[in-house]
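The values are calculated or read from the model by the stated rules, or taken from the named source; none is laboratory data. Note that the coordinates shown come from a computational prediction; the quantities given were computed from them, not determined experimentally. Heads up, the Cβs are rebuilt from the backbone with ideal geometry, glycines too, and the neighbour counts pull from every protein chain shown.
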There are 2 protein chains.
Amino acid sequence: MRKFVGERAKRLIHTVVKFNPYHTTTFSSSNNTSLRSSFRSYTIMASNVATPPVTVDSLNLKVLKCEYAVRGEIVSVAQKLQQDLQANPGDHPFQEILYCNIGNPQSLGQKPITFFREVLALCDHPALMDKKETNTLFSADSIKRALMILDQMPGRATGAYSQSQGIKGLRDTIAAGIEARDGFPADPNDIFLTDGASPGVHMMMQLLIRSENDGILCPIPQYPLYSASIALHGGTLVRYYLDEATGWGLEISELKKQLEAARQKGITVRALVVINPGNPTGQVLAEENQRQIVEFCKKEGLVLLADEVYQENVYAPDKEFHSFKKVCRSMGYGVKDILLVSFQSVSKGYHGECGKRGGYMEVTGFNSEVRGQFYKVASVNLCANISGQILSSLVMSPPKDGDKSYDGYLSERDGILKSLARRAKTLEDAFNNLKGVTCNKAEGAMYLFPRIDLPKKAIKAAEDAKKAPDAYYAIRLLNATGIVVVPGSGFGQVPGTWHFRCTILPQEDKIPAIVTRLSDFHSKFMNEFRD
Amino acid sequence: MRKFVGERAKRLIHTVVKFNPYHTTTFSSSNNTSLRSSFRSYTIMASNVATPPVTVDSLNLKVLKCEYAVRGEIVSVAQKLQQDLQANPGDHPFQEILYCNIGNPQSLGQKPITFFREVLALCDHPALMDKKETNTLFSADSIKRALMILDQMPGRATGAYSQSQGIKGLRDTIAAGIEARDGFPADPNDIFLTDGASPGVHMMMQLLIRSENDGILCPIPQYPLYSASIALHGGTLVRYYLDEATGWGLEISELKKQLEAARQKGITVRALVVINPGNPTGQVLAEENQRQIVEFCKKEGLVLLADEVYQENVYAPDKEFHSFKKVCRSMGYGVKDILLVSFQSVSKGYHGECGKRGGYMEVTGFNSEVRGQFYKVASVNLCANISGQILSSLVMSPPKDGDKSYDGYLSERDGILKSLARRAKTLEDAFNNLKGVTCNKAEGAMYLFPRIDLPKKAIKAAEDAKKAPDAYYAIRLLNATGIVVVPGSGFGQVPGTWHFRCTILPQEDKIPAIVTRLSDFHSKFMNEFRD
């Protein structure tokens, strides 16, 4: 079983903490000041001209500290079970592993949008466009779009590196798409095409974090990319808690409180991360709330890092997605007034093109010298992959009414989104029907984040097994049912509460079986540990 | 004009150096100890709870220190010239910009390998395989390969995230390709698929570099990805010089000398970078030399980071590529005896699929705990893009004798490689015909790295223009001819010598004009500055 922070790594971190004479808090404390200072002393102590053997003891401690639960221990166990199932199909009380741990729709049977894939295939193999058969195999607007895109590329080639910021013509298309979405201008020079949202987030952390004294305000629960990236870049995660009682509400008073507390500890808070629609929490922010957040960032001088990758995934009829860019502009804040980075990805939405690793960030409010540094960091990685770049432009400019592909596109898109809404509701109801479980609505995104009220005996059993109680529940669930969820402890939660994240992505014909298996497991588990 | 290290950034770095009471050397010194310690004091001095405005003064200094010449100032000037040319075609003494700065073959007209693109198009749009027309548009073995690959992927979907290390079936194919190349076994579990070689290099630097006291031995001249990545991760570049007089020979005595010198300065040297075939220098290492390098790494406990992305690009008839893996195994060193990472990319070779961002690293000799950390870092970025993953498998397993595509594939591959060899020879001869220029053979890779003996007056003119002399030459060349080369100072060189890197990639019909323009410019330049 692969462990993300191996036992020796854990011991090493523990030892370092013990050695530190200023040690006052434990490793799991929220600000990690003791670990940070001991970190420094370790680095200096460990300096030695002889080349040490490469073991976890001699790796970068920032890497050892980093954790990423979405692909953590539970996934390793699931992969092992899957191999077992193939070798000995009768040995488990289930026939397949159901991956509800990660937002990866196409791995669970969701089909890609035909128009998108026609354009990609034609761009990769333009020789097709010289053949008459192509007109029967591809729609006319796919061919037209592919030709337009090829004309925008150096050498008309998807095999050529592009400008480091991304192909200019594609950025023009994306900027036009943002304008159409928001009703406010967008500048193609503000767009940086990326291999998905994650590399964009890493880039911002790399630019902003100078040392462990720099902090980034992140929601708890959070998507663990943020804590992982902050750890890898040696900064400090400054937690603000979402309010579960009000449907994971984001309270400005909480932001202020945590900002002040961090500053009193000597942390320079540089940015605020907001995930809207929420991951893992699924809430969609109200526009008025977004205005307050913008005012808060403006007043405190924080960069607003807006994770808006679920902008197409809104299911609650009374909710609507508003980009932070639109909110800023509608408040009268222009390009120079607010430091805003909006992240978008081709992996989410109705298209779910995770494997393509495409996305962009729209970067506004930074001066040209700082932008030059963004460009330089992008250039060290040469450019984002071109298929992902093309797909980003398609997502922001899908077929329009009148185009040959439009009806087909609309039916594919709405079919997926309506089905996701139904799956969200079914699973939400199922969770709320379990004894000791409460689950907020999935207004958007791709996840539910139910809370489990675990009996004391279960918590004791988890302690004996050296696991967090929700991790213990999740492993037991996996072994009994084949369903993979991510323990809430991987996202962060109010201490003493326990959750798990479950995607809404299994195909609809699988949902009833999931509900039955989950309910059966849950009652047995609760009976086993009844106080 | 975009500058990579802006004026204010330079001033800031300069100020920091001045403030440092232990300041003994300048910023351009080879070990940077003074900058490193002042860096630390700056970080501590700058700690302030108030959030500072986001300017270059408040960005991560590691980012400011990083430089990447291949896409640096000269490219910005070229892009501006290109816009000018479109707006005012008559204003310049040339009609087009010729990008000889970067190994990007398809941007200059090289066509992709048909088999590779057929497979990619079919994998991206599998619905094609249900249509009868497809059998006339695609070769039978492309269809067969695409079906095999789809069967290896979660959800049979190129739009799904894969396992973080890459799709297992593709890693099996790559391992088989390595075995066929080397004649020694390869383990698919040692393969990590990446978005090109660069992210793999970054990952290794991230894992190995703990602080500025950790150093990495790199060739000078080097591909500046290495210096950039070491700077971004806060380590120390330990230079070893290639010997221009012996065709950029790699001398073990030089490695030992630089290792000792670094150790005496308190630097823990952790790894040795070897680029073979060389970039920017084009030499192909002899097997005996590689054996000495392996012994050196073994004795000193260094990780051998083998940049082998040009393994298909060997032009000298008396030279052959030997992978370091093969060399190690043929010396009798097994998987546990040597710490070796070999980087491969789909961007180079005869295929030149730069825009696809595909590649892999083969990682051998590390224990399972360390491997667990590799896997975790890979998982934070989810996975490499799937088209790049597929292409990596195709590159390591192209059509074989008997396959329908084989003859066409062979003719495309050999056509490209033979043409590259001719272009290398023509340009090498042209450079050696210039007065005051000497140029080693391009035995492999995609570059020539001629040395220019610049007149004192030209060096003075460069000083007045605040540029390195070779950068001054390159900018003058660009403005006079539209030819873009990269100054040697971007790669490092023996102090007082001047070079530039020129790719061999322009299509053959352009080469005569390049030679003429270059020769004309060069004689005028030398006349202008004659001592």
Scan the strands (runs of 3 or more DSSP E) fully inside region A:139-246 and keep the ones with 2 or more residues being within 24 Å of A:K326 (Cα to Cα). A:191-194, A:214-220
Could you give me the residue pairs with C-beta distances under 6 Å whose first residue belongs to region B:264-288 and is under 20 Å from B:Q206 (Cα atoms), whose second residue is charged (D, E, K, R) wherever it lies, and which are 6+ apart or on separate chains? B:T268/B:D214; B:R270/B:D214; B:I275/B:D307
Name the residue that is farthest from A:S345 (Cα to Cα), counting only residues in region B:131-148 that are β-branched (V, I, T) and within 11 Å of chain A (Cβ to nearest Cβ). B:T136
Test set (1) under 18 Å from B:K131 (Cα atoms); (2) surrounded by fewer than 20 Cβ atoms within 10 Å (Cβ to Cβ); (3) in contact (Cβ under 8 Å) with a residue 40 or more places away in the chain - A:M129 fails condition number: (3)
Residue that is of a type in the set (V, I, T), more than 9 Å from chain B (Cβ to nearest Cβ), surrounded by fewer than 23 Cβ atoms within 10 Å (Cβ to Cβ) and in contact with a Cys (Cβ under 9 Å, 6 or more places away or on another chain), where the choices are A:I390, A:I338, A:I416: A:I338
Output the qualifying pairs, or none if there are none: Cβ atoms under 6 angstrom, residues six or more apart or on different chains, first residue in region A:195-208 and on the phi > 0 side of the Ramachandran plot and modelled with pLDDT of 95 or more, second residue surrounded by fewer than 24 Cβ atoms within 10 Å (Cβ to Cβ) and not small (G, A, S). none
Taking region A:314-349 as the region of interest, how many residues are farther than 20 Å from A:F366 by Cβ and in a helix (DSSP H, G or I)? 1
State whether one or more residues within region B:37-54 are under 30 Å from A:I338 (Cα atoms), modelled with pLDDT of 85 or more and crowded, with 17+ Cβ neighbours inside 10 Å. yes
For A:I452, state whether it is away from chain B (no Cβ under 14 Å), among the β-branched types (V, I, T), out of contact with any Lys or Arg (no Cβ under 9 Å at 6 or more places or on another chain) and buried (at least 22 other Cβ atoms within 10 Å of the Cβ). yes
For A:D214, indicate whether it is surrounded by 24 or more Cβ atoms within 10 Å (Cβ to Cβ) and within 17 Å of the chain's Cα centre (by Cα). no
From the list B:A245, B:A197, B:A228, which residue is among the aliphatic types (A, V, I, L, M) and out of contact with any helix residue (DSSP H, G or I) (no Cβ under 9 Å at 6 or more places or on another chain)? B:A245
Within region B:279-297, is even one residue outside any loop (DSSP other than H, G, I, E, B), within 11 Å of another protein chain (Cβ to nearest Cβ) and not charged (D, E, K, R)? yes
State the number of residues belonging to region B:344-383 that are facing chain A (nearest Cβ under 7 Å) and hydrophobic (A, V, I, L, M, F, W, C). 6
Inspect region A:507-526 for any residue being among the acidic types (D, E), assigned to a helix (DSSP H, G or I) and out of contact with any Lys or Arg (no Cβ under 9 Å at 6 or more places or on another chain) and give the result as yes or no. yes
Considering only residues that are among the basic types (K, R) and surrounded by 16 or more Cβ atoms within 10 Å (Cβ to Cβ), look in region A:55-95 and name the one that is nearest to the chain's Cα centre (by Cα). A:R71
Complete set of residues in region A:97-109 that are facing another protein chain (nearest Cβ under 8 Å) and surrounded by fewer than 24 Cβ atoms within 10 Å (Cβ to Cβ): A:I102, A:S107, A:L108, A:G109
Does region B:236-250 contain any residue that is touching a residue at least 60 places away in the same chain (Cβ under 8 Å), under 30 Å from B:K425 (Cβ atoms) and over 18 Å from the mean Cα position of the chain (by Cα)? yes
For region A:149-168 the number of residues that are more than 7 Å from chain B (Cβ to nearest Cβ) and either of a type in the set (S, T, N, Q) or in contact (Cβ under 8 Å) with a residue 40 or more places away in the chain (or both) is 7
Filter region B:122-151 down to residues that are at pLDDT 95 or above and of a type in the set (S, T, N, Q) and give me whichever is farthest from B:T194 (Cα to Cα). B:S139
Hey, could you check region A:104-138 for residues that are assigned to a helix (DSSP H, G or I), under 34 Å from the mean Cα position of the chain (by Cα) and of a type in the set (A, V, I, L, M) and say which is farthest from A:Q389 (Cα to Cα)? A:L108
Some residue of region B:251-270 being within 16 Å of the chain's Cα centre (by Cα), more than 14 Å from chain A (Cβ to nearest Cβ) and at pLDDT 95 or above: no
Do you know which residues across region B:146-171 are over 28 Å from the mean Cα position of the chain (by Cα) and of a type in the set (A, V, I, L, M, F, W, C)? B:A146, B:L147, B:M148, B:I149, B:L150, B:M153, B:A157, B:A160
Would you mention how many residues in region A:300-313 are of a type outside the set (D, E, K, R) and surrounded by fewer than 19 Cβ atoms within 10 Å (Cβ to Cβ)? 1
Any idea which residue in region A:169-185 is farthest from the other protein chains (Cβ to nearest Cβ), counting only those that are in contact with a Ser or Thr (Cβ under 9 Å, 6 or more places away or on another chain) and over 25 Å from B:S107 (Cα atoms)? A:G183
